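J.: Take this structure, written in structure tokens, and hold onto it; I'll ask about it next.
The values are calculated or read from the model by the stated rules, or taken from the named source; none is laboratory data. Quick caveat, the model's predicted, so the values are computed rather than measured. Cβ atoms come from the backbone with ideal geometry, glycine included; neighbour counts cover every protein chain shown.
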Amino acid sequence: MPIQVLPEQLVNQIAAGEVVERPAAVAKELVENSLDAGAHHVEVDAEQGGLARIQVRDDGRGIARGELALALTRHATSKIASLDDLEHVRSLGFRGEALPSILSVSRLALVSRTAADEHGWRLYGEGTLAGSPEPAAHAPGTTVEVRDLFFNTPARRKFMRAESTEFRHLDQALRRIALARFDTALTLRHGARKVFELPAAAGATGQAQRVAQLTDPEFLDNALELDESRLGLRLSGWIALPSFSRGQPDLQHFYVNGRPVRDKLVGHALRRAYADALHGSRYPAFVLYLECDPARVDVNVHPAKVEVRFRDSSVVHDFIFGAVHLALRRVRPDPSSHHQVHVDRETGEIQPQDSFRYGGAGGAAPGPGSWRTSAKSPGPGAAPPAIAEPRSDDMPLGHALAQLNGIFILAQNREGLVLVDMHAAHERVLYERMKRALREGGIASQVLLVPAVVTVPEDVAEEAERARERLHRLGLELDRSGPTTLTVRAVPPLLAQSDLGALVKSLLGAAADDESRGHFSEVLDAQERVLADMACRAAVRSGRQLTLPEMDALLRDMERTDLAGQCNHGRPTWVQFTHGELDRFFLRGR
């Protein structure tokens, strides 16, 4: 075929393939236009998941009669006029492609009226414009009605899912927008059913109510409020504690200057922030808003505008990671609301419920641990030690009472009964202690009386030579004594009784991963994996009998340790049974 200019309608239909993926994309583009027009109230009506009809009505500034046809022309927009405007985009839309793309694959009616006009004007088209604007009764604002989506592109229509699936996508798209614009009232109807009606949320209470309504009713009960500003960046919103993690990334909302985005840089920063306390198969939950100078972010990198590119990506990454990571580490145990277990009144079923107290900037820094193993148990005929009434201010986890099956510590505090997984708790305490020691110059080592010889594959032995200095900072001193042998001369004291062969191979595997990746953040990941493995191997094992002073020492260490509510693998370390829940479980007072 010879080179030729494509017909205008075909060009618009090609563009529609990028912009109008499904009915949800139509609703998103139309609502964003309403918000850019200054609307305070937006109503969305959908039928058959949006395939049969989508109508968006707003009370914005409206479109003058002479500009109605231009609004349905490609690359016609009132939002930018120069390259400088493009580099400082503050509006949600700016390309002028949405309306003509939607028109090219639907039957579209546009009615609008400005405050200066006595009545509105209506324009209609089926694939292309049909006629000129006609007078129409309408309040100030704009209404766009889209019917029979993809009526003239049946191949696209075949790719649409069931009505319920398409409406779920539409509903989610509008919820994402509603989470970003608390100042705008938004109503969604599907057929005769009103899905939600959100009034404008003026204050913090109203905003919290909207977040709870649009996400999960328990989200805010398990979340920290965040508001950090630095280097011309501001990050605000809510981040859930690790115990409120999800099996899928369905509660992750991130906005850049009010625009909902999915960005790999942001995702990596948030995963790193949660890495110390989240299981690998779980996902964090958050609703976060990043504000910055529009010149520092390029929003013109994706047709649907769901991806952005930051000009100072490393600065943004480190800021997001630091703000979220620091907020999570300020949390300290609070038995009045933290890790509580509830008993269902009807079934008697025990259900954990997580919520947390935020320690704030003044939260106490973790001090050196007091874990000891030299205390003596009372003799078999001795009376049990008296347990003082715990003070909730300095001993939130109370005093140890006993040990259960060599696995759990039972403790009493003012709230009731605390149940602690001693291995998981000790693992977290040791991990944080090792991280602190590494930051302060390195982990202390203990010289072995008889050096241990470990046989490893030749490539592992070569890696040991390259990683020798790095392992020395972790408290492990070794030499290569043969093509496939390593001589271990010193290890951290807590690991002196460990399986040194397995330990060395594990650490060298992480070190090799560190070397191959090279990126600073990945080096940190590998280093923390090494420390986590060391802490897991050194932590007290199941079946070990502890004395009451040893148990109390572990409880005190937990109260001083960052992220003590979860072990390094994301498992909970303790739960609280309140007096009321215990009474309810045993039917006391009935």
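J.: Would it be correct to say that Asp183 is within 20 Å of Ala39 (Cα to Cα), assigned to a helix (DSSP H, G or I), in contact (Cβ under 8 Å) with a residue 12 or more places away in the chain and acidic (Asp, Glu)?
T.: Taking the combined requirement at face value, the residue does not satisfy it.
J.: Looking for whichever is farther than 23 Å from Asn257 by Cβ, out of contact with any Phe, Trp or Tyr (no Cβ under 8 Å at 6 or more places or on another chain) and part of a loop (DSSP other than H, G, I, E, B) here; the options are Arg90, Arg61, Arg74, Arg95. Which one fits?
T.: That would be Arg74, the only listed residue that is farther than 23 Å from Asn257 by Cβ, out of contact with any Phe, Trp or Tyr (no Cβ under 8 Å at 6 or more places or on another chain) and part of a loop (DSSP other than H, G, I, E, B).
J.: From the residues in region 131-174 that are touching a strand residue (DSSP E or B) at 6+ places or on another chain (Cβ under 7 Å) and in a helix (DSSP H, G or I), which one is surrounded by the fewest Cβ atoms within 10 Å (Cβ to Cβ)?
T.: Asp171
J.: Then there's this: Name the single residue, out of those in region 537-583 being of a type in the set (Lys, Arg), over 24 Å from Phe244 (Cα atoms) and within 35 Å of the chain's Cα centre (by Cα), that is modelled with the lowest pLDDT.
T.: Taking region 537-583 and keeping what is of a type in the set (Lys, Arg), we get 537, 541, 544, 556, 560, 571.
Then drop every residue that is not over 24 Å from Phe244 (Cα atoms), which leaves 537, 541, 544, 556.
Now drop any that are not within 35 Å of the chain's Cα centre (by Cα), which leaves 537, 541, 556.
Details: Arg537: 80, Arg541: 84, Arg556: 93.
Checked region 537-583; the qualifying residue modelled with the lowest pLDDT is Arg537.
J.: Find the residue count for region 276-303, including only residues that are among the aliphatic types (A, V, I, L, M) and touching an Asp or Glu at 6+ places or on another chain (Cβ under 7 Å).
T.: 2
J.: Continuing with this model, one more query. Can you pull out every residue in region 272-313 that is of a type in the set (Ser, Thr, Tyr) and either crowded, with 22+ Cβ neighbours inside 10 Å or closer than 21 Å to Arg259 by Cβ (or both)?
T.: Answer for region 272-313, where residues must be of a type in the set (Ser, Thr, Tyr) and either crowded, with 22+ Cβ neighbours inside 10 Å or closer than 21 Å to Arg259 by Cβ (or both): Tyr274, Tyr289, Ser313.
J.: Quick one: Leu495 ticks every box in (1) modelled with pLDDT of 85 or more; (2) touching a Gly at 6+ places or on another chain (Cβ under 9 Å) bar one, so which box is it?
T.: (1)
J.: Suppose we keep only residues that are more than 16 Å from the chain's Cα centre (by Cα) and touching a residue at least 60 places away in the same chain (Cβ under 8 Å) within region 208-235. Which one would you say is nearest to Val287 (Cα to Cα)?
T.: Glu228
J.: Considering only residues that are aliphatic (A, V, I, L, M) and out of contact with any strand residue (DSSP E or B) (no Cβ under 9 Å at 6 or more places or on another chain), look in region 106-130 and name the one that is farthest from Leu51 (Cα to Cα).
T.: If we take residues in region 106-130 being aliphatic (A, V, I, L, M) and out of contact with any strand residue (DSSP E or B) (no Cβ under 9 Å at 6 or more places or on another chain), then Ala116 is farthest from Leu51 (Cα to Cα).
J.: Could you identify the single residue in Asp312, Asp293, Asp250 that is free of Cβ contacts under 8 Å to residues at least 60 places away in the same chain, charged (D, E, K, R) and farther than 30 Å from Ala564 by Cβ? Full working, then the answer.
T.: Details: Asp293 fails: free of Cβ contacts under 8 Å to residues at least 60 places away in the same chain; Asp250 fails: farther than 30 Å from Ala564 by Cβ.
When all the criteria are applied, what remains is Asp312.
J.: Within region 208-245, track down each residue that is touching a Cys at 6+ places or on another chain (Cβ under 9 Å), surrounded by 15 or more Cβ atoms within 10 Å (Cβ to Cβ) and not aliphatic (A, V, I, L, M).
T.: Within region 208-245, Arg234 is the sole residue that qualifies.
J.: Then there is this: Just give me the residues in region 116-130 being assigned to a strand (DSSP E or B) and of a type outside the set (Lys, Arg), in sequence order.
T.: Gly120, Trp121, Leu123, Tyr124, Gly125, Glu126, Thr128, Leu129
J.: Select from region 434-472 the residues that are assigned to a loop (DSSP other than H, G, I, E, B) and among the charged types (D, E, K, R) and list them in ascending order.
T.: Hit for region 434-472 is Glu440, nothing else.
J.: Any residue at all in region 273-290 that is modelled with pLDDT of 90 or more, of a type in the set (Lys, Arg) and within 17 Å of the chain's Cα centre (by Cα)?
T.: Checked region 273-290: no residue is modelled with pLDDT of 90 or more, of a type in the set (Lys, Arg) and within 17 Å of the chain's Cα centre (by Cα).
J.: Here's something else I'd like to know. Considering only region 437-487, state which residues are in contact with a Pro (Cβ under 9 Å, 6 or more places away or on another chain), surrounded by fewer than 17 Cβ atoms within 10 Å (Cβ to Cβ) and under 30 Å from Cys567 (Cα atoms).
T.: Ala444, Gln446
J.: Also, I was wondering about something else. Being in a loop (DSSP other than H, G, I, E, B), in contact with a helix residue (DSSP H, G or I) (Cβ under 8 Å, 6 or more places away or on another chain) and aliphatic (A, V, I, L, M) is the filter here; which residues of region 1-33 pass it?
T.: Across region 1-33, the qualifying residues are Leu6, Val20.
J.: Can you work out which of the residues in region 532-588 that are closer than 25 Å to Leu503 by Cα and of a type in the set (D, E, K, R) is surrounded by the fewest Cβ atoms within 10 Å (Cβ to Cβ)?
T.: Arg541
J.: Could you tell me which numbered condition Gly258 fails, if it satisfies all but one of (1) more than 30 Å from Ile102 (Cβ to Cβ); (2) among the small types (Gly, Ala, Ser); (3) touching a strand residue (DSSP E or B) at 6+ places or on another chain (Cβ under 9 Å)?
T.: Looking at each condition in turn, Gly258 falls short on (1).
J.: If we scan region 426-433, do we find a residue that is part of a helix (DSSP H, G or I) and hydroxyl-bearing (Ser, Thr, Tyr)?
T.: yes
J.: Are any residues in region 1-40 crowded, with 23+ Cβ neighbours inside 10 Å and either without any contact (Cβ under 8 Å) to a residue 40 or more places away in the chain or hydroxyl-bearing (Ser, Thr, Tyr) (or both), and if so, which ones?
T.: Answer for region 1-40, where residues must be crowded, with 23+ Cβ neighbours inside 10 Å and either without any contact (Cβ under 8 Å) to a residue 40 or more places away in the chain or hydroxyl-bearing (Ser, Thr, Tyr) (or both): just Ser34.
J.: Can I ask one more? Is it true that some residue in region 269-283 is touching a residue at least 60 places away in the same chain (Cβ under 8 Å), in a helix (DSSP H, G or I) and outside the structural domain of Leu86 (by TED's automatic domain parsing)?
T.: yes
J.: Kindly evaluate Gly191 against the criterion of being among the small types (Gly, Ala, Ser) and outside the structural domain of Ala285 (by TED's automatic domain parsing).
T.: Judged against the criteria, Gly191 is a match.
J.: Can you tell me which of (1) assigned to a strand (DSSP E or B); (2) outside the structural domain of Val297 (by TED's automatic domain parsing) is the one Arg234 doesn't meet?
T.: (2)
J.: All but one of (1) in the same structural domain as Ala39 (by TED's automatic domain parsing); (2) surrounded by fewer than 17 Cβ atoms within 10 Å (Cβ to Cβ) hold for Thr205, so report the exception by its number.
T.: With respect to (1) in the same structural domain as Ala39 (by TED's automatic domain parsing); (2) surrounded by fewer than 17 Cβ atoms within 10 Å (Cβ to Cβ), Thr205 is out only on (1).
J.: Ok, one more. Which ones in region 120-130 are of a type in the set (Ser, Thr, Tyr) and crowded, with 16+ Cβ neighbours inside 10 Å?
T.: Answer for region 120-130, where residues must be of a type in the set (Ser, Thr, Tyr) and crowded, with 16+ Cβ neighbours inside 10 Å: just Tyr124.
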